[in-house]
Amino acid sequence: MANVTVLGAGAWGTAFGQVLADAGNNVTMWAIEPEIVEGIRDHHHNGVRLPSVETLPSNMTATGDRAEAVANADIVIVAIAAQFARVALTEFKGLIPETALVASLMKGIERTTGKRMDEVVMETLDLPAERFAAISGPNLSKQIADREPAATVVGCANIDNARTIATACTTDYFRAFVTRDVIGLEMCGSLKNVVALAVGMARGAGYGENTAAMIETRGLAELTALGEAAGADPKTFAGLAGVGDLIATCGSPLSRNYTFGSNLGKGLSVEEATKVSNGVAEGVPTTDAVVALGKQYGVPTPLATAMSHVLDDGISCAQMLSELFGEGITEE
Ligand SMILES: NC(=O)C1=CN([C@@H]2O[C@H](COP(=O)(O)OP(=O)(O)OC[C@H]3O[C@@H](n4cnc5c(N)ncnc54)[C@H](O)[C@@H]3O)[C@@H](O)[C@H]2O)C=CC1
Ligand SMILES: O=C(CO)COP(=O)(O)O
């Protein structure tokens, strides 16, 4: 049993907090929204971000006080919208005990710097690699909040520390595997959101399984090539965090990225799709970052590039798919 603090009480932060509480840990949620803190602390309910869970576990509480939140933490989990991670975590610098492990649930690339969340978290908190872990897998929050069987992957340069975090989130319905491939987990989680946007868009426009499978497969090839260039182990892309998460995210209206894309495919503008999004669609700001990373590593990113033209220039689904097809006959 450990003292675990979760920073960010969004849908996944709260659902993962419930997993940790079900595993027997003392869980403290920290959130910037006073109404969410009050809801969890006083009513065991997060009516804003995870209303489907009527009563959160009794060993789960919340505070809006940063120092109090992390003072006794053995493990700190970061579950903040990726583009705001740096600004939010800066306020925690110096507050987190030097013995605590820090793990990220976030799936995104920082648009202003092109950095992965492992880089952002370690840099902001001045954390050595052996104390940082990435957690990524096919983990649609609502289903895990409903305690449906699911699995994830915990990655850390120090495999014993990955095991410690995996143990802390193991329940009878949730299983965690371990790896040393932090970069692979980060690249899978971030890039699959861009693929989900494209698949959602095609589905929203009325296309069927063949089109979806084409985008998913070409997307997998793209994220594998970029991930390898960034230093990831290619095996990771065939695992839970890669193919597994693509299957879950690209096939479910529970995914905010899929739904965002679907709304674009139905004719909504980016602004309109943003307005109706039920939580953060990380693929939107991450798309341009992926295009920039591709240029940096000299890896072609046709899918991310086509999606950036959708998001930045408003091209249609048909135009996006035509860009994805490219020209001439090439080897697969
Ligand atoms: N929902 C899901 O099924 C899954 C989500 N993820 C990832 O986990 C991360 C969090 O996702 P959710 O909790 O679902 O998102 P959400 O949209 O429900 O919540 C986002 C959270 O970020 C916080 N936040 C935003 N700006 C902030 C700031 N400046 N300071 C402090 N907090 C701030 C919000 O208060 C909120 O708690 C994302 O990167 C997402 O890609 C990963 C796996 C599954
Ligand atoms: O990452 C997820 C499932 O693994 C959740 O996807 P969304 O962020 O698109 O909802």
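Where only DSSP H runs of four or more residues are counted, the chain gives -14500 deg cm²/dmol as its mean residue ellipticity at 222 nm, each run worth -39500 (n - 2.57). Here the contact order of region 3-180, divided by its residue count and restricted to Cα pairs under 8 Å and six or more residues apart, works out to 20 percent.
Please compute the contact order of the chain in relative form: average sequence separation of alpha-carbon pairs under 8 Å and at least six residues apart, divided by the residue count, as a percent. Don't skip to the end; give the middle numbers.
Working: 714 pairs, mean separation 49.6, N = 332.
The value is 15 percent.
List the equivalent ellipsoid semi-axes of the chain in whole Å, largest first, each obtained as the square root of 5λ for an eigenvalue λ of the Cα gyration tensor.
Values: eigenvalues 210, 91, 61 Å².
For the chain, the ellipsoid semi-axes come out as 32, 21, 17 Å.
Kirkwood radius and radius of gyration were both taken over the C-alpha atoms of region 3-180, and their ratio Rg/Rh is 0.93.
For the chain, what is the percent of antiparallel DSSP beta bridges, rounded to the nearest 5?
Of those bridges, close to 15 percent are antiparallel.
Summing Lys and Arg as +1 and Asp and Glu as -1 over all other residues whose Cβ lies under 12 Å from the Cβ of Ala31 gives a net charge of -1.
Near Tyr297: Cβ cut-off under 13 Å, other residues only, Lys/Arg at +1 and Asp/Glu at -1. The net charge is 0.
Extension gain for the segment Ala129 to Arg147, taken as residue separation times 0.36 nm less the Cα-Cα distance, is 3.3 nm to one decimal.
Taking the Cβ of Ser255 as the center, what net charge do the other residues with Cβ under 13 Å away carry, scoring Lys and Arg +1 and Asp and Glu -1? Result for the neighbourhood of Ser255: +2.
Using Cβ point charges alone (K and R +1, D and E -1), the dipole size of region 191-325 about the Cα centre works out to roughly 200 debye.
Could the peptides 140-147, 38-45, 183-190 be put in order, highest first, of the mean number of other beta-carbon atoms found within 10 Å of their residues? Could you put the intermediate results ahead of the total?
Details: 140-147: 19.4, 38-45: 16.8, 183-190: 28.8.
Going by the mean number of other Cβ atoms within 10 Å, highest first, we get 183-190, 140-147, 38-45.
Would you please calculate the Kirkwood hydrodynamic radius of region 191-325 over all C-alpha pairs and express it in Å, rounded to one decimal?
Numbers: mean 1/r = 0.0695 Å⁻¹.
After inverting the mean inverse Cα-Cα distance, the result is 14.4 Å.
Any idea of the accessible area per residue across region 191-325, 1.4 Å probe, to the nearest Å²? Let's see the in-between values first.
On the way: 5550 Å² over 135 residues.
The answer is 41 Å² per residue.
Helices from the chain with mean Kyte-Doolittle at least -0.5 and a Cα length along the axis of 18 Å or more, per DSSP H: which? Helices meeting the span and hydropathy rule in the chain are 182-204, 209-230, 283-297. My understanding is that a pair violates if its Cα-Cα distance is over 31 Å; which of Lys107/Lys295; Lys115/Lys275; Lys235/Lys266; Lys93/Lys235 do that in this structure? Check vs 31 Å cut-off fails for Lys235/Lys266; Lys93/Lys235.
Packing around the peptides 309-320, 236-247, 126-137, 80-91, taken as the average count of other Cβ atoms within 10 Å per residue, puts them in this order, highest first: 236-247, 126-137, 80-91, 309-320.
With R₀ fixed at 30 Å, the C-beta to C-beta distance from Met1 to Thr55 puts the FRET efficiency at about 0.90.
The values are calculated or read from the model by the stated rules, or taken from the named source; none is laboratory data. Worth saying up front: this structure is predicted, and the values here are computed from it rather than measured. Positions of Cβ are generated from backbone atoms using ideal geometry, with glycine treated the same way; all protein chains shown enter the neighbour counts. Surface areas here come from the heavy atoms of the whole protein model, side chains and all, with no ligands, DNA or RNA. Shrake-Rupley method; radii C 1.70, N 1.55, O 1.52, S 1.80 Å.
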